[in-house]
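What follows is a set of notes on a single structure, which appears directly below.
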Amino acid sequence: MANVIVIDVARCSGCHNCQLACKDEHCENDWMPYTRPQPLTGQFWCKVTDYVRGTVPKVKVHYIARLCAHCENAPCKSACPAGAIYRREDKLVLIDPEKCVGCGACVEACPYEAIYFNEEQGIAQKCTGCAHLLDNGYSMPRCVEACPTDAMVFGDENDEKIKALLQDSKPLNPELGIGERVFYRNIPGQFIGATVYDPVAKEVVIGAKCRLTGCGLERETVTNNYGDFWFKDLPVGRFDLVVTAEGYEDLRFDAVDTTDCVNLGDVPMEPKR
């Protein structure tokens with residue numbers, strides 16, 4: 001058994017059920033020898049973060065549940081001087097509360113900031129993958145069980161269903177190269193959007209052709225019934241945009257930078273004279 005968690009960001013509604021289920025399972029519950037009780041405040045072994053991008057009215061929101069990635073080459077494990085951090089056969093990474101000396105080295109080493117220090121207990125703590133449940137007949141952690149939209153899937157990486165999901169999934173920070181075992185699908189890229197209107201008629205321009213080029217991409221769309229256009233899931237880079245419509249002067253936007261999502265706002269399209 002080699003367990004992974006796959007999280008589909010497109011399915012996540014931001015309900016926080018996973019976060020609440022984690023607190024419910026671990027706060028004031030002593031699951032030795034797996035872990036001590038999680039404090040009521042200050043720790044989120046599963047934490048939902050909302051990402052608001054763009055500016056009004058061109059705004060998109062998505063949510064990402066963050067938890068310990070149970071890395072194959074876990075920096076926390078390498079940093080622990082007491083040998084308190086270990087990997088199980090099912091690939092879950094746990095901190096032995098009996099061996100932990102409370103030095104905090106693992107807290108500093110974790111690139112995902114997923115390890116917390118329990119001042120009262122004097123130990124480091126984090127997501128256990130609900131190992132205490134898995135070892136007693138449960139098929140999934142509480143966070144996965146509580147998800148109402150099936151945005152979180154848990155299972156053996158060799159299972160055919162999991163294999164299919166992993167084909168277009170990746171860790172949050174694949175550049176780290178530490179073998180994370182929590183994967184994400186459909187994390188949205190950057191976007192460019194605007195509303196095109198006729199300043200003379202004071203009406204939106206419907207059906208204007210919009211062509212975007214840059215970063216090796218060429219994309220086209222048209223303005224909808226509200227005069228809006230969107231180019232979504234773009235990489236970070238610079239793009240040239242041309243908007244054309246019969247009877248109007250062309251609109252050009254050069255080197256639009258998608259370091260942040262771009263709302264070009266309400267852009268006037270001047271009628272030809």
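So the values come out like this:
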{"quantity": "Per-residue HN-Hα couplings for segment 234-249 [Karplus 6.51, -1.76, 1.60; θ = phi - 60°; Hz; x = Gly/Pro]", "calculated": "8, x, 6, x, 10, 10, 9, 10, 10, 10, 10, 7, 4, x, 10, 5"}
{"quantity": "Tensor-based shape of segment 119-173 (alpha-carbon gyration tensor, a/c under 1.5 rounded, otherwise prolate or oblate)", "calculated": "prolate"}
{"quantity": "Stretch gain in nm, segment Arg238-Ile187, where the contour uses 0.36 nm per residue and the Cα spacing is subtracted", "calculated": "16.3 nm"}
{"quantity": "Separation of alpha-carbon centers, segment 58-119 and segment 231-273, rounded to whole Å", "calculated": "44"}
{"quantity": "Summed residue charge, Cβ within 13 Å of Asp8's Cβ, Lys/Arg positive, Asp/Glu negative", "calculated": "+2"}
{"quantity": "Ranked order, Ser78, Ser169, Ser13 - accessible area, probe 1.4 Å, largest first", "calculated": "Ser78, Ser13, Ser169"}
{"quantity": "Cross-link pairs beyond the 26 Å C-alpha cut-off, checked among Lys126/Lys170; Lys23/Lys232; Lys60/Lys272", "calculated": "Lys23/Lys232; Lys60/Lys272"}
{"quantity": "Per-residue HN-Hα couplings for segment 137-153 [Karplus 6.51, -1.76, 1.60; θ = phi - 60°; Hz; x = Gly/Pro]", "calculated": "x, 7, 9, 7, x, 4, 4, 5, 4, 7, 6, x, 10, 6, 6, 10, 10"}
{"quantity": "Residue-count net charge about Asp50 - beta-carbon cut-off 14 Å; Lys, Arg +1, Asp, Glu -1", "calculated": "+4"}
{"quantity": "Taking segment 209-273 and dividing mean pair separation by its residue count, relative contact order in percent (alpha carbons under 8 Å, at least six apart)", "calculated": "28"}
{"quantity": "Phe117 accessible area, 1.4 Å probe, all protein chains in place, Å² to nearest 10", "calculated": "70"}
{"quantity": "Rounded, prolate or oblate (a/c below 1.5 giving rounded, otherwise prolate when a/b exceeds b/c) for the chain by Cα gyration tensor", "calculated": "prolate"}
{"quantity": "Whole-percent carbon and sulfur share, accessible surface of segment 153-273, 1.4 Å", "calculated": "46"}
{"quantity": "Neighbour net charge for Leu40 - beta-carbon separation under 12 angstrom, K R +1, D E -1", "calculated": "-2"}
{"quantity": "Amide H within-cut-off set for Tyr197, under 5 Å, with H built and near neighbours excluded", "calculated": "Val205, Val267, Met269"}
{"quantity": "Accessible area of segment 33-100 belonging to carbon and sulfur atoms, whole % at 1.4 Å probe", "calculated": "52"}
{"quantity": "Heavy-atom accessible area ranking, 1.4 Å probe, most first, across Ile178, Ile206", "calculated": "Ile206, Ile178"}
{"quantity": "Helix-only CD estimate at 222 nm, as mean residue ellipticity for the chain, using -39500 (n - 2.57) per DSSP H run (n ≥ 4)", "calculated": "-3000 deg cm²/dmol"}
{"quantity": "Heavy atoms of Asp159 accessible to a 1.4 Å probe, total area in Å² rounded to 10", "calculated": "70"}
{"quantity": "Whole-number percent relative contact order across the chain, with pairs defined as alpha carbons under 8 Å at least 6 apart", "calculated": "20"}
{"quantity": "Residues of segment 91-237: accessible area per residue with a 1.4 Å probe, Å²", "calculated": "51"}
{"quantity": "The chain: angle of helix 17-26 to the longest principal axis, Cα-based, in degrees nearest 10", "calculated": "10"}
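The values are calculated or read from the model by the stated rules, or taken from the named source; none is laboratory data. As the structure is a prediction and not an experimental result, all values here were calculated from the model. So basically every Cβ, Gly included, is an ideal-geometry build from the backbone, and we count neighbours across all protein chains shown. Accessible surface areas use protein heavy atoms only, side chains included; no ligands, DNA or RNA. Shrake-Rupley method; radii C 1.70, N 1.55, O 1.52, S 1.80 Å.
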